[in-house]
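Working notes, beginning with the structure itself.
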Amino acid sequence: MGGNSQRLRIEVLGPLRAWRDGEPLALGPVRRQTVLAALLLREGAVVSHEHLLDGVWGADPPASGTKVLASHVNPLRRTLDRAGTRHTESVIRSGKGWYRFVLDDVRLDLTDLAEVGDRALRTKASGDLAGGAGQLTDALALFQGEPLAHLSGPFAAAERERLLERRRTLRLARLSCLVDLGRYGDALDDLARLPGSDRYDESMLALRMRALYGCERQAEALHAYEDMRRRLADELGVDPGEELRRVYEAVLRQDDGTLLGSTADRQVVVPQPLAPRRPVHQLPGDTGQLVGREEELAVLTGPAPDDAVSVVAVDGPAGVGKTALVVRAAHRIRDRYPDGCLFVDLHAHSRERGRPAPERVLRRLLRSLGADGSEVPDDLDDLITAWRAVTSPLRLLLVLDDAADTRQIRPLLPAGPGSRVIVTGRQRLAGLDADRRVTLETLGPGEAASLLRHIVGRERTDQEPEATRELVRLCAGLPLALRIAGTRLQTRPAWTLAYLVERMADDEGRLGELSAGDRSVEAAFRLSYDQMPPEQRRGFRTLGLAPTVEFDVRTPAAMLGRSARDAERILESLVDTSLLQQPRPGRYRLHDLVRVHARRLAEAAPGEAGPAREAALRLYLDAARVASDWGAGGYPTGPGPSGTSFTGWREAAVWLDEAGGELVDVIAHAVASGETDHACWIAEALTDHFVGRGRLHECQAALETALPYADTASDRRMAPALHNCLGYTLTHRARFPEACRHLRTALVLGRERGEPHEEGRALVGLGAMTGLGATVGPGATAGPGALGPDAGQVEGGVSVLVAGRELAERYEDHWLVAMASFALGFVRHRQGRDEEALACFRDAHTRGRAIGRPRALSRALTSNLDLHLYLDPSAARVLFRRVADLIQRTGDVLLHTLTLARLGTAEHNAGNLDAAAEVFRRALAQHGTPGPLDDPDHDRREMDLRCRLGRAYRAAGRTAEAREQFRVALSVPGADRYPKEHKQAVQGLAATEERVRTG
């Protein structure tokens, strides 16, 4: 970490970092760090404001000009200076129009590099190749990644290039030493670890060819030269330089003298025990930009047993920040491992660098601990034995990053008790015996916003809070996505956050914008995808077409045309790759950005995507129709049941309930996919399910999503059908004028298109509303129980109802016949014609039995019992209990609440006051399930139930409890809008207070 505890230490040979007295310092957002670098690396020279602006912002300076500099310099002073430092003694001095960074009490890693690097080059030049190689290794170890990583602006870019060239010089010198010493395997291992970005470096290739020749791999050396020659000719139009041609010709001649030097110059190594050495620390630099993750860090840094090797496995999807997390954890606990901290990138997901063989990794690890390259065996078993022997007395921290599988890890485990191994990978390594496991999830909205603010700067994010929240949502909490988005905003200061959000509006733009330099969210996902077997790849693509975010096994099974068991096996294998999440047992979901990637892959294979998408929609259609009480007669058009049909209504209803609020999204998905017939069929079929669950708002939203596309559907019945469904839904929401408009439209369209089923439904709906006085003309708002229609209107409504019922009977629509009889019974009951009402309710009951569904049957029974409550109270009480149990099994919360209210009244009338109070309490407990949005009578019904409970308490002599219920009833919002219930509550409260006074 930070060097001399008495001085300020700053490192630039990697991410810019600083320590004061051994404690890390927070240097702020990237732009502020860039300002620091532009001052720090001027070797104490004065820098004018103009030069500083040019070096940091380049051709796009901020609108505020030089004034912005103070907003960065002042926080840097507070961070870097000791507390109480006077302005004139700050490490950043200033005058009129200039700043200067004072280096007197600052230790730079650049200073270390100059000292160690120059000494190493002098040692090599003196002929001490072994000493030079060791010193060059120490010099290169000072680099902690790319110099000035993540910093933007012309000055940082130029300094980065200078330092990278310095690193290249040192690398070439070290490789030259290794080759001249005859350590060809070591040289090839080091060359294999170098990034493949510089494809035209002839000096590196010359050393590689010499090392290959030294390993008796002459053919490979010649092939390497030919690849370079062709690349230079095709891409640059030039030939290889003189140095490389000379090496090539020497390989052709097998000129050992030119390629390998004299035997006397080569090192002769006598195997010896490992000499005493300094602890090795190979951890990458800690970027200091890890946000959150405190719980995960606590797991990774917790105490480990002293008598065994501890293994911790960290898994998670690409870009979630596994490496950053384990590097932070490793730095926190490095002091516990006196013999060294080793880091190995296993490259499981790298296009440029293949996965290293375990032999190569073990050779590198052994050399890191002091073993000479010439003493290291070649056989894997011998290497494992040597590794265990060397590590058995040591206490090490070993980080294995980006592991592919358990087989890659097992040979690398050290043997020293008290050592710790931290493994990261996208795969869940179930075969690894790990003491602890951490599955890394994406960041929450608050943490994601903090990371974005850190990268972009608080000033920009605070100016656009809405755009910041939307950008965080579009990045879906994935740290890689947030960093790339932040980098794009850093490098494009003219862009606003809202502009970037706009560019990410669709799938292509969303992933396209999340790419910067060699970092890309989609490329990271693609590496995981490319390594899957074909069956997994197809499963992953298919999931991108799922109509809901969350799903169970049944949906992908239908889309893949596989059994549920096969589909579950594929899903579980995708969970192990960290591409699929499992929020709870049996339920799965794709991360938002992963879903976009999967969808793009699926759309690239239209022959596969079309059938899969249709199978998913067909599954929802089957479920909705099977769960509906309407029966086969209720759906005269559209496809019949498919092979994925559900075994019964209850199974289908439970499956739809598990989809929760995403059912409306299924219809939107069908519309967006151009499947307008399925959109309309599913919206129609879900109507009965939604209404039965009291989810009236969702029902209306689903129907209104599909209705604009009904005329483009090939099924001409859909337009009148959806208008009828909206009329039915709006009637339940007590929005009678709107319901009438839709029903009248359905009637007209049904007759025009020759759709008698829809004509019958429209007639029943209009007849019921007219007969019950739900509307008395266009624009009327009177509901049932207002002034009511006159006798002529009632009989007109009855005639329309009867006409609709006759049409329903003709086409064997039992559900519609039952609803018509049900409505007609209510009309007759209001007219005082109870015998005719009972006959209608009995007919509805008969139809309900024919349908065979508890909800259809219970509605009719409840209506029958409403009359029996007055005609035969004793029998009604027993029957109400049976009906309440029947309705509870259907899941119709609203009907169950109403039935409990009637049952409580029956118990009260029978003198069973405690039983009545218990039933009313049950009704109130579940009354809040359909919210006020879905239940237009929600508040009125609560007042009614509380008045009933209050009367039961008062009759039982429980005056205080009765008074409380009447008070709560009067406190319901808008209580005075319900005169009947308001009057009951006022009278009940007065009666209880009178009893208190006279008691």
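The values are calculated or read from the model by the stated rules, or taken from the named source; none is laboratory data. If you're wondering where the values come from, they're calculated on a predicted model, not measured in any experiment. Cβ atoms come from the backbone with ideal geometry, glycine included; neighbour counts cover every protein chain shown.
A few remarks follow.
- Number of positions in the range 228-248 that are surrounded by 12 or more Cβ atoms within 10 Å (Cβ to Cβ) and of a type in the set (D, E, K, R): 5
- Residue count, the range 435-489 (criterion: in a loop (DSSP other than H, G, I, E, B), under 13 Å from the mean Cα position of the chain (by Cα) and not β-branched (Val, Ile, Thr)): 7
- Here residue 166 meets the list (1) at pLDDT below 90; (2) assigned by TED's automatic domain parsing to the domain that holds residue 41; (3) surrounded by fewer than 20 Cβ atoms within 10 Å (Cβ to Cβ) almost entirely, failing just condition (1).
- Scanning the range 317-331 for residues that are of a type in the set (Gly, Ala, Ser) and either buried (at least 23 other Cβ atoms within 10 Å of the Cβ) or at pLDDT 90 or above (or both) yields 318, 319, 321, 329, 330.
- From the list 426, 437, the lone residue that is touching a strand residue (DSSP E or B) at 6+ places or on another chain (Cβ under 8 Å), among the basic types (Lys, Arg) and either free of Cβ contacts under 8 Å to residues at least 24 places away in the same chain or buried (at least 19 other Cβ atoms within 10 Å of the Cβ) (or both) is 426.
- Cross-chain or 6+ apart pairs with Cβ under 6 Å, the range 704-730 first and closer than 13 Å to residue 753 by Cβ, then in a loop (DSSP other than H, G, I, E, B) and of a type outside the set (Asp, Glu): 715/637; 716/753; 717/637
- Qualifying residue in the range 321-339 (condition: in a loop (DSSP other than H, G, I, E, B) and more than 21 Å from residue 391 (Cβ to Cβ)): yes
- Of all residues in the range 75-94, those that are under 44 Å from the mean Cα position of the chain (by Cα), in a helix (DSSP H, G or I) and either exposed (fewer than 13 other Cβ atoms within 10 Å of the Cβ) or among the basic types (Lys, Arg) (or both) total 2.
- The set of residues in the range 214-242 being closer than 20 Å to residue 181 by Cα and either at pLDDT below 80 or among the charged types (D, E, K, R) (or both) consists of 216, 217.
- The set of residues from the range 298-317 being touching a Leu at 6+ places or on another chain (Cβ under 7 Å) and either among the small types (Gly, Ala, Ser) or farther than 27 Å from residue 484 by Cβ (or both) comprises 309, 311, 312, 313, 316.
- Among (1) within 24 Å of residue 282 (Cα to Cα); (2) out of contact with any strand residue (DSSP E or B) (no Cβ under 7 Å at 6 or more places or on another chain) - the single one residue 108 does not satisfy: (2)
- Any hit, the range 492-514, residues being in contact with a Phe, Trp or Tyr (Cβ under 7 Å, 6 or more places away or on another chain), hydrophobic (A, V, I, L, M, F, W, C), closer than 24 Å to residue 322 by Cβ and in a helix (DSSP H, G or I): no
- Qualifying residue in the range 508-524 (condition: at pLDDT 85 or above, among the β-branched types (Val, Ile, Thr) and under 17 Å from the mean Cα position of the chain (by Cα)): no
- Odd one out for residue 220, checked against (1) under 49 Å from the mean Cα position of the chain (by Cα); (2) of a type outside the set (A, V, I, L, M); (3) within 24 Å of residue 136 (Cβ to Cβ): (3)
- Residue within the range 926-940 that is of a type outside the set (S, T, N, Q), modelled with pLDDT of 80 or more, surrounded by fewer than 17 Cβ atoms within 10 Å (Cβ to Cβ) and in a helix (DSSP H, G or I) present: no
- Test result for residue 556, within 22 Å of residue 668 (Cα to Cα) and either among the acidic types (Asp, Glu) or surrounded by 14 or more Cβ atoms within 10 Å (Cβ to Cβ) (or both): yes
- Residue pairs meeting the criteria (Cβ under 8 Å; at least 6 apart or on separate chains; first assigned to a loop (DSSP other than H, G, I, E, B), in the range 34-57; second aromatic (Phe, Trp, Tyr) and crowded, with 18+ Cβ neighbours inside 10 Å): 41/155; 42/101; 44/101
- Filter result for residue 651 (acidic (Asp, Glu), assigned to a helix (DSSP H, G or I) and closer than 23 Å to residue 544 by Cα): no
- Residue 383 being within 18 Å of residue 321 (Cα to Cα) and part of a helix (DSSP H, G or I): no
- Residue within the range 299-308 that is within 24 Å of the chain's Cα centre (by Cα) and not in a helix (DSSP H, G or I) present: no
- On the stretch given as the range 615-645, residues that are touching a helix residue (DSSP H, G or I) at 6+ places or on another chain (Cβ under 8 Å) and over 30 Å from residue 759 (Cα atoms) total 3.
- Helices (runs of 4 or more DSSP H) lying entirely in the range 659-725 (those with 1 or more residues that are in contact with a Lys or Arg (Cβ under 8 Å, 6 or more places away or on another chain), on the phi < 0 side of the Ramachandran plot and aliphatic (A, V, I, L, M)): 676-692, 696-706
- For residue 409: the one exception among (1) in a helix (DSSP H, G or I); (2) farther than 22 Å from residue 299 by Cα: (2)
- Where a residue in the range 109-130 is assigned by TED's automatic domain parsing to the domain that holds residue 15 and its partner, wherever it lies, is modelled with pLDDT of 90 or more and among the charged types (D, E, K, R), with Cβ under 6 Å and at least six apart: 109/11
- Under the condition of being surrounded by fewer than 20 Cβ atoms within 10 Å (Cβ to Cβ) and either more than 41 Å from the chain's Cα centre (by Cα) or acidic (Asp, Glu) (or both), the residues counted in the range 391-401 number 3.
Matching residues to (1) outside the structural domain of residue 476 (by TED's automatic domain parsing); (2) within 18 Å of the chain's Cα centre (by Cα); (3) over 19 Å from residue 659 (Cβ atoms):
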| site | (1), (2), (3) |
| --- | --- |
| 548 | yes, yes, no |
| 556 | yes, no, no |
| 563 | yes, no, yes |
| 568 | yes, no, no |
| 572 | yes, yes, yes |
| 578 | yes, yes, yes |
| 584 | yes, yes, no |
